[in-house]
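A short worksheet on the structure shown next.
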Amino acid sequence: MDAPVADAFTYRLVTKVLKTRVLLVSIVPPRNDCGVRIVMHRHLVERNPFELHVASNADFADDLLVHTPLHLPYPLWRLRKTRFGSQLASWIRDYENLVWPLTVNRALEEAVQKFQPEVILTLAECGLCHIARKTAQRHKLPLAGLFLDWFPIMKNYYGHKWTQGILSRRYRQLYAACDLAFCTSDGIQELLGPHPNSHVIYPMPGKHRVPGKSWPPSNGKFRLVYVGSVENFYGRMICSLVEKIDQTSDLEIIVVGPNADWPAEFLQRAKAKGVYLGFKPPEEAAPILAGADALLVSMSFESEHRLFMETSFTTKFLDYVSLGKPVIMWGPEYCAPARVARKHGGAVVVNQTEADNVVSTCRRIAANPALRDELSHQARHLHETLFNPDRLQGIFVSEIERLIAPRKHL
């Protein structure tokens, strides 16, 4: 073997030996697209601090980062794939959340034996995380939890609605059982209660490279850009705003996000006008963000979603401030991002439900260069301090290393 090749091989081998071995047990693997998947991708893959092994029951795509697939019993897994799957979805989900965690998962046991993890990291949700908890206890391994959303109240994560109370109690029990807990916001940490080793880490921003050219070209109108979810309550909010801005002559909005559930005729018109662009991966969304005069964060005002708004924290807020542009935070005072903006700056808060208030805020920013500069300064400052990605990653890595330090000296 040539010397340079041998040196490179030795480096890779030593690096692999020295890295902490982390077994991630999660219903979704790290992936560079959206939601909790992109947060885990940025912590664990993009920055690559650990030797990582992913065990997951996800099968929604062919290119997933899953080293150990985990499956429900074959009859249920097969039934979910049939035309009867949607009719029985709630019952299958109840089994997945309430019965499956009572069993020993052979594939996960084999992964522990072969990979020999130093810590198990799990995404706190409703089902698989409890298998991770019992596996950690069985093998006397430390357990770290990612509390990124209050999954027990989220559609598609619970089965029958009557199970939500049970799932929320178990969610709290998981938090108490974790040796280390990472919370996505102050709100979720406060609701979960006291814990001897709990830390707030806001959703990890990406490594953004601001492109030299923006897109589409400017037409002289004040441009508001929104990148995020356009379904359900988010979809209703953004739809109402698009309608209002469409009636103006001095403003425009561009919306990027998958699966907008707007009325068919309205959606077709938004596509034709270049208002709705569908999903774009981060590198394709970058020039669109670069061309914005202001960036929009939205959080629902609907009372039935209050708990979710109090605990959830949107990743796009952190991505936006890294660009140093004015940010408009459209949501109730009690939502977690608005609380941060009120305390630390970084966005102008619009705390009224009517889309007209966002329109007037855009016009106020457009007419006031001093305000625009101040909001840009606040965004950059928030990115460099509270939302600093190196600070957030430093907490994440150092706390996991601290957790396993006593075991390394045994």
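Using r as the Cβ-Cβ distance of Gln173 and Ser90, and R0 as 25 Å, what FRET efficiency do you calculate, to the nearest 0.05? If you can, show how the numbers build up before the last one.
Working: r = 23 Å, r/R0 = 0.92.
Plugging the Cβ-Cβ distance into 1/(1 + (r/R0)^6) gives 0.65.
Tell me, what is the percent relative contact order of the chain, built from C-alpha pairs under 8 Å that lie six or more residues apart? Walk me through the intermediate numbers first.
On the way: 694 pairs, mean separation 53.4, N = 410.
With pairs under 8 Å counted, the relative contact order is 13 percent.
Straight distance only, please: which aspartates and glutamates reach the Cα of Lys81 with their own Cα at less than 13 Å, same-chain residues fewer than 8 apart left out?
Excluding near neighbours in sequence, the set is Asp59.
According to a simple spin-label model (label point 7 Å from Cα along Cα-to-Cβ), what is the distance in nm between His381 and Asn259?
So the label points at Asn259 and His381 sit 3.9 nm apart.
Using a Förster radius of 45 Å, what is the FRET efficiency between Tyr74 and Ala370 based on their Cβ-Cβ separation? Nearest 0.05, please.
Rounded to the nearest 0.05, the efficiency is 0.10.
Describe numerically, in nm with one decimal, the distance between label points set 7 Å from Cα along Cα→Cβ at Ser398 and at Leu64.
3.4 nm
Pairwise over distinct Cα atoms, reciprocal of the mean inverse distance: report the Kirkwood radius of the stretch 37-142 in Å, one decimal place. Intermediate results must be reported in sequence, preceding the final value.
Numbers: mean 1/r = 0.0662 Å⁻¹.
This gives a value of 15.1 Å.
Using a 1.4 Å probe and ignoring any ligands, DNA or RNA, find the accessible area of Asp250 and quote it in Å² to the nearest 10.
Taking all protein chains as shown, Asp250 has close to 60 Å².
Using a 1.4 Å probe on the protein heavy atoms only, what accessible surface does Arg47 show? Give it in Å² to the nearest 10.
It works out to around 70 Å².
Placing +1 on the Cβ of each Lys and Arg and -1 on the Cβ of each Asp and Glu in the chain, which of Ser214, His53, Pro258 has its Cα farthest towards the positive end of the resulting dipole?
His53
Suppose R0 equals 60 Å. What FRET efficiency, 1/(1 + (r/R0)^6) with r the Cβ-Cβ distance, do Lys221 and Arg407 give to the nearest 0.05?
On the way: r = 59 Å, r/R0 = 0.98.
The computed FRET efficiency comes out at 0.55.
Extending each Cα 7 Å along its Cβ direction at Glu190 and Glu243, get the distance between those two points in nm, one decimal.
3.3 nm
With +1 assigned to the C-beta of every Lys and Arg and -1 to the C-beta of every Asp and Glu, and no other charges, what is the dipole magnitude of the stretch 343-410 about the Cα centre in debye, to the nearest 20?
That gives a dipole near 240 debye.
Based on alpha-carbon centroids, what's the gap between the stretch 291-340 and the stretch 226-269 in Å, whole number please?
16 Å
Given contacts defined as C-alpha pairs under 8 Å and at least six residues apart, what's the relative contact order of the stretch 251-410, whole-number percent?
Working: 183 pairs, mean separation 28.3, N = 160.
Relative contact order comes out at 18 percent.
Let me spell out the model: positive unit charges on the Cβ of Lys and Arg, negative unit charges on the Cβ of Asp and Glu, origin at the Cα centre of the stretch 10-156. What dipole size does that give, in debye rounded to 20?
On the way: 20 positive and 13 negative charges, 40 e Å.
Here the stretch 10-156 has a charge dipole of around 200 debye.
Let me know the Kirkwood hydrodynamic radius for the stretch 267-353, please, with Cα pairs as the basis and the value in Å to one decimal.
On the way: mean 1/r = 0.0708 Å⁻¹.
That comes to 14.1 Å for the stretch 267-353.
If you line up the Cα atoms of the stretch 157-287 on their principal axes, what length do they span on each, largest first, in Å?
If we take the Cα atoms of the stretch 157-287, the spans are 55, 39, 23 Å.
In bins 10 Å wide, starting from 0, what share of all Cα pairs of the stretch 153-231 does each bin hold, as a percent?
13, 27, 27, 17, 14, 3
Mind listing the Cα extents of the chain along all three principal axes, in Å, largest one first?
Projected onto its principal axes, the Cα set of the chain covers 66, 59, 44 Å.
Starting from the alpha-carbon convex hull of the stretch 229-295, give the projected area averaged over all orientations, in nm².
Working: hull surface 18.0 nm².
Approximately 4.5 nm², given one-decimal rounding.
Using the 2.2 N^0.38 Å rule of thumb for compact globular proteins, work out how the stretch 119-162 stacks up: its C-alpha Rg over that value, please. Working shown, then result.
On the way: Rg = 11.8 Å, N = 44, 2.2 N^0.38 = 9.3 Å.
With N residues counted in the stretch 119-162, Rg over 2.2 N^0.38 Å equals 1.27.
So what does Glu384 come to for accessible area, using a 1.4 Å probe and Å² rounded to 10?
Here the accessible area works out near 120 Å².
In deg cm²/dmol and to the nearest 500, what is the mean residue ellipticity at 222 nm of the chain if only DSSP H runs of at least 4 residues count, each as -39500 (n - 2.57), divided by the residue total? Intermediate results must be reported in sequence, preceding the final value.
Numbers: 17 runs with 181 residues, N = 410.
So the helix-based figure for the chain works out to -13000 deg cm²/dmol.
With 10 Å bins from zero, work out the P(r) of the stretch 78-129 over every alpha carbon pair and list the percent per bin.
21, 39, 29, 11, 0
Using +1 on the beta carbon of Lys and Arg, -1 on that of Asp and Glu, and nothing else charged, what's the dipole of the chain about the Cα centre, debye to 20?
On the way: 49 positive and 41 negative charges, 143 e Å.
Using Cβ point charges on Lys, Arg, Asp and Glu, the chain gives about 680 debye.
Which residues does the label zone of Asn232 cover in the stretch 245-273, counting backbone N under 19 Å from a point 7 Å along Cα→Cβ?
Within reach of a label on Asn232, which here means backbone N under 19 Å from a point 7 Å along Cα→Cβ, the stretch 245-273 contributes 256-263.
Based on C-alpha coordinates, I'd like the Rg and Dmax of the stretch 355-410, in Å.
20.6, 65
Select from His344, Ile404, Ser322 the residue farthest towards the positive end of the dipole of the stretch 293-410; place +1 on Cβ of Lys and Arg, -1 on Cβ of Asp and Glu, and compute about the Cα centre.
In the stretch 293-410, that residue is Ile404.
For the stretch 158-173, take each phi angle, set θ = phi - 60°, evaluate the Karplus expression 6.51 cos²θ - 1.76 cosθ + 1.60, and give the result in whole Hz per residue in order, putting x for glycine and proline.
10, x, 7, 4, 5, 7, 4, x, 4, 5, 5, 5, 5, 4, 5, 5
For a 29 Å ceiling on Cα separation, which of these pairs sit above it: Lys19/Lys134; Lys140/Lys161; Lys134/Lys343; Lys114/Lys316; Lys316/Lys343; Lys221/Lys271? Could you put the intermediate results ahead of the total?
Working: Lys19/Lys134 25 Å; Lys140/Lys161 34 Å; Lys134/Lys343 39 Å; Lys114/Lys316 38 Å; Lys316/Lys343 18 Å; Lys221/Lys271 19 Å.
Over 29 Å apart, Cα to Cα: Lys140/Lys161; Lys134/Lys343; Lys114/Lys316.
Given the stretch 88-195, what whole percent of its Cα pairs are spread farther than 24 Å? Kindly include the intermediate steps, with their values, before the conclusion.
Values: 1436 of 5778 pairs.
Beyond 24 Å sits 25 percent of the P(r) for the stretch 88-195.
Along its three principal axes, how long is the stretch 319-369 when you only count alpha carbons? Whole Å, largest extent first please.
Ordered largest first, the stretch 319-369 gives principal extents of 28, 27, 17 Å.
Would you mind calculating the relative contact order of the stretch 183-312 from Cα pairs under 8 angstrom and at least 6 residues apart, reporting the percent as a whole number?
Details: 168 pairs, mean separation 44.9, N = 130.
Reported relative contact order: 35 percent.
The values are calculated or read from the model by the stated rules, or taken from the named source; none is laboratory data. Computed from a prediction, not measured in an experiment: that's the story for all the values here. All Cβ positions, glycine included, derive from the backbone under ideal geometry; neighbour counts span all protein chains shown. We work out accessible area using only protein heavy atoms, side chains counted, and drop any ligands, DNA or RNA first. Shrake-Rupley method; radii C 1.70, N 1.55, O 1.52, S 1.80 Å.
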